[in-house]
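Reviewing the structure listed below.
Bear in mind that the values in this text are calculations on the coordinates, not laboratory data. Treat the numbers as computed from the prediction; the structure is a model and nothing was measured. All Cβ positions, glycine included, derive from the backbone under ideal geometry; neighbour counts span all protein chains shown.
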Amino acid sequence: METIQTLTKTFEFSEYISILELSYILASVLFILGLKKLSHPDTARSGNLWAAAGMGLAIVFTILFHKTKLEDGTYQGIHNIGWIVGALIIGTVVGWLAARKVKMTAMPQMVSIFNGMGGACAALISMMEFPRMQNELAGHQATTMLNGEALAILLGLMIGGVSFAGSMVAFGKLDERIGDVKSPVLRYINLSFLFILLGFVVFIMFKSPVAGENWMIYTLAGLALVYGVTFVLPIGGADMPVVISLLNSFTGVAAAMGGFLYSNQAMLTGGILVGSSGTILTMLMCKAMNRSLLNVIIGAFGGSSAAGPATGDKTVKEISLSDAAVLLSYSQKVLVVPGYGLAVAQAQHLCHELENLLASKGVELKYGIHPVAGRMPGHMNVLLAEADVAYEKLQEMEDANNEMNNTDVVIVVGANDVVNPAAEDDASSPIYGMPVIKVWEAKNTIIMKRSMAKGYAAIENNLFFMPKSRMLFGDAKATLQKLVSEIKNL
Amino acid sequence: MNDILKFLLEYREAIFIIILSIFLGIEVISHVPSVLHTPLMSGANAIHGVVIIGAIIVMGHAVNILAMILGFIAVVLGTLNVVGGFVVTDRMLEMFRKKKKQL
């Protein structure tokens with residue numbers, strides 16, 4: 001290692017450091033190109049591989065070439081390589097298997113878990129770095145911990161912890177292990193927790209460092225975890241995609257804090273890139289639902305005003321399977337509007353079967369995809385793609401609405417809030433203003449539902465009571481199965 | 001005030017990178033078709049797994065048993081994030097590609 005002095009600064013030089021920094025530059029470029037390619041359908045898959053290649057490069061070169069400057073000015077390479085490689089192998093095997101084995105319907109949960117792992121990783125790094133930094137500062141008789149390193153450590157712990165706990169709750173909600181907790185009090189508890197958390201960070205920074213005194217860092221970790229839980233708990237299950245996207249960008253920022261701490265450019269660019277693109281993505285998702293981010297977080301859905309008009313005197317009309325089969329067989333244009341019920345029932349293959357069957361009878365079947373149908377944007381596209389449904393059969397909401405008047409039958413499969421007329425005509429409804437698929441404008445509407453239960457937004461849907469609507473109760477998969485055999489027997 | 005100015009000078013390069021990366025992230029993501037929201041989120045999720053580098057560095061200099069254990073866990077979690085994230089994204093995109101071929 002030699003020291004190089006230029007006019008403006010002094011820096012250490014060695015081949016190793018140069019190679020390492022070069023690999024980080026390359027990794028950053030691969031991340032950026034990967035993300036860019038990921039945003040176009042044709043190049044998305046290669047984009048993912050590019051980003052993965054950048055990650056592999058950064059990991060391998062870090063293990064081989066990373067050097068840390070010690071207190072006495074000497075340099076030390078990476079130790080415990082056996083343990084590190086062991087941990088990498090365990091993580092790879094478990095991660096690979098989990099990602100391969102998971103059902104397509106459980107994909108959102110999986111993304112949430114992986115996101116939480118990243119957040120926990122960032123928090124753990126901070127928990128290990130804090131004692132070291134504090135001992136160092138105490139050794140130098142510093143009076144406060146007011147410096148960039150301490151800030152990065154504390155913020156990394158705070159954001160990482162919130163992201164971890166929040167992601168786990170989001171996972172629980174998507175997996176339907178945790179119900180929605182709707183309490184206006186929680187909002188204030190939440191807000192006060194946030195202030196306590198931030199206040200505690202400030203408190204630690206102004207505290208004089210004492211070697212070996214670590215209770216603050218554990219307290220901060222605990223507070224961050226609790227806040228993560230109370231932050232996500234009151235948000236409705238239907239809004240989890242937005243929450244996961246938001247937590248995703250949080251983890252990005254937490255990773256960037258690590259980059260700041262180690263002056264590691266790959267972590268810094270990677271983390272911030274995800275932080276900012278994740279925030280934009282979150283905004284785009286909110287826009288697709290015509291709501292603001294604040295509205296999602298505070299949780300206007302499913303609150304006090306969501307009761308809707310009383311429905312005691314209204315009745316719904318059921319349709320028999322044979323009537324539905326006849327109706328479909330003698331139609332010209334049929335539109336299937338899928339929702340989360342389709343995902344739960346794993347009915348996508350049957351939809352495709354119905355599509356082929358009707359096609360053989362000269363009936364055209366298309367799918368109307370609402371941008372936020374399901375539990376993640378694009379959820380329905382992914383599911384139907386799995387069932388080999390052709391791209392051009394999938395219609396975006398606007399196109400579907402334009403053709404609605406000419407559509408003979410609409411089959412709503414497990415969707416509710418995205419086809420609720422209240423979004424158009426009931427200004428008091430919490431979903432008022434959200435763009436919806438106007439299935440009631442079609443000549444006939446068949447609604448497949450398990451029961452009369454409300455959708456995730458927990459509001460009444462007047463569509464079910466409209467004159468052109470017919471209900472077909474039962475599990476989407478079983479009902480579709482029966483419908484398909486009924487049509488075959490005609 | 002002086003402290004803040006000192007801070008800005010000390011970390012000017014990092015601050016530069018942060019600001020440019022923010023704009024880059026926004027620029028790269030805008031105009032994404034909603035079909036790709038999920039894979040994109042998942043891909044970005046894998047990219048922030050870059051935090052694993054920090055875990056490797058910490059683990060690489062761990063001396064006591066507590067740091068070793070925490071470091072080990074951190075590396076495992078980071079790897080889960082990276083590998084799981086990329087594989088899940090690939091699986092989602094695999095299905096899109098299959099469709100393309102049939103067109």
Signed unit charges on C-beta, dipole axis of chain A, positive-most listed residue A:Gly374, A:Leu33, A:Leu57:
A:Gly374
Just rank A:Tyr432, B:Tyr11, fewest to most, by other beta-carbon atoms within 10 angstrom.
A:Tyr432, B:Tyr11
Segment A:Lys207-A:Trp96, extension gain: residue separation times 0.36 nm, minus the distance between their alpha carbons:
35.6 nm
Measuring from its Cα centre, the stretch A:1-117 shows a charge dipole (+1 at each Lys and Arg Cβ, -1 at each Asp and Glu Cβ) which, in debye to the nearest 20, is 760
Simple SL model, points at 7 angstrom along Cα→Cβ for A:Ile25 and A:Val316; separation in nm is 6.3
Between the modelled labels at A:Ala359 and A:Tyr391 (7 Å from Cα along Cα→Cβ) the distance in nm is 1.6
For the stretch A:384-399, take each phi angle, set θ = phi - 60°, evaluate the Karplus expression 6.51 cos²θ - 1.76 cosθ + 1.60, and give the result in whole Hz per residue in order, putting x for glycine and proline.
5, 4, 4, 8, 6, 6, 5, 3, 6, 7, 8, 9, 6, 3, 4, 5
Within 10 Å of the Cβ of an average residue in A:41-54, the count of other chain Cβ atoms is 6
Long pairs among A:Lys366/A:Lys488; A:Lys366/A:Lys438; A:Lys361/A:Lys443; A:Lys67/B:Lys6; A:Lys103/A:Lys449; A:Lys67/A:Lys207, criterion Cα-Cα beyond 24 Å
A:Lys67/B:Lys6; A:Lys67/A:Lys207
What fraction, in whole percent, of alpha-carbon pairs in the protein assembly as shown exceed 47 Å separation?
20
For a quick protection proxy, order the peptides A:179-189, B:30-40, A:323-333, A:154-164 by their average other-Cβ count within 10 Å, most packed first.
A:154-164, B:30-40, A:323-333, A:179-189
Given A:258-264, A:115-121, A:206-212, A:410-416, the highest-first ranking by average Cβ count within 10 Å works out to A:115-121, A:410-416, A:258-264, A:206-212
Taking 0.36 nm per residue of separation and subtracting the Cα-Cα distance, what length does fully extending A:Arg450 through A:Thr43 add?
142.6 nm
Percent of alpha carbon pairs in the stretch A:365-458 separated by more than 19 Å?
41
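Go ahead and run the numbers for FRET between A:Lys468 and B:Ile19, Cβ-Cβ distance against an R0 of 51 Å, rounding to 0.05.
0.40
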Shielding by partners for A:393-399, please: the mean number of other protein chain Cβ atoms within 10 Å of each residue's Cβ.
1
What nm value, rounded to one decimal, do you get for the distance between A:Leu70 and A:Tyr218 when each label is placed 7 Å out toward the C-beta?
2.9
Hey, got the average number of other protein chain Cβ atoms within 10 angstrom for residues in A:78-91?
6
Label zone at A:Asp175, where the point sits 7 Å out along the Cα-to-Cβ direction: the stretch A:103-131 residues whose backbone N lies under 14 Å
A:103, A:106-117
Using Cβ counts within 10 Å as a stand-in for footprinting exposure, how do A:His140, A:His40, A:His370 rank, fewest first?
A:His140, A:His40, A:His370
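To the nearest 20 debye, what is the magnitude of the charge dipole of the stretch A:103-301 about its Cα centre, counting +1 on the Cβ of each Lys and Arg and -1 on the Cβ of each Asp and Glu?
Using Cβ point charges on Lys, Arg, Asp and Glu, the stretch A:103-301 gives about 440 debye.
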Cα pair count fraction exceeding 18 Å, expressed as % - the stretch B:1-82
64
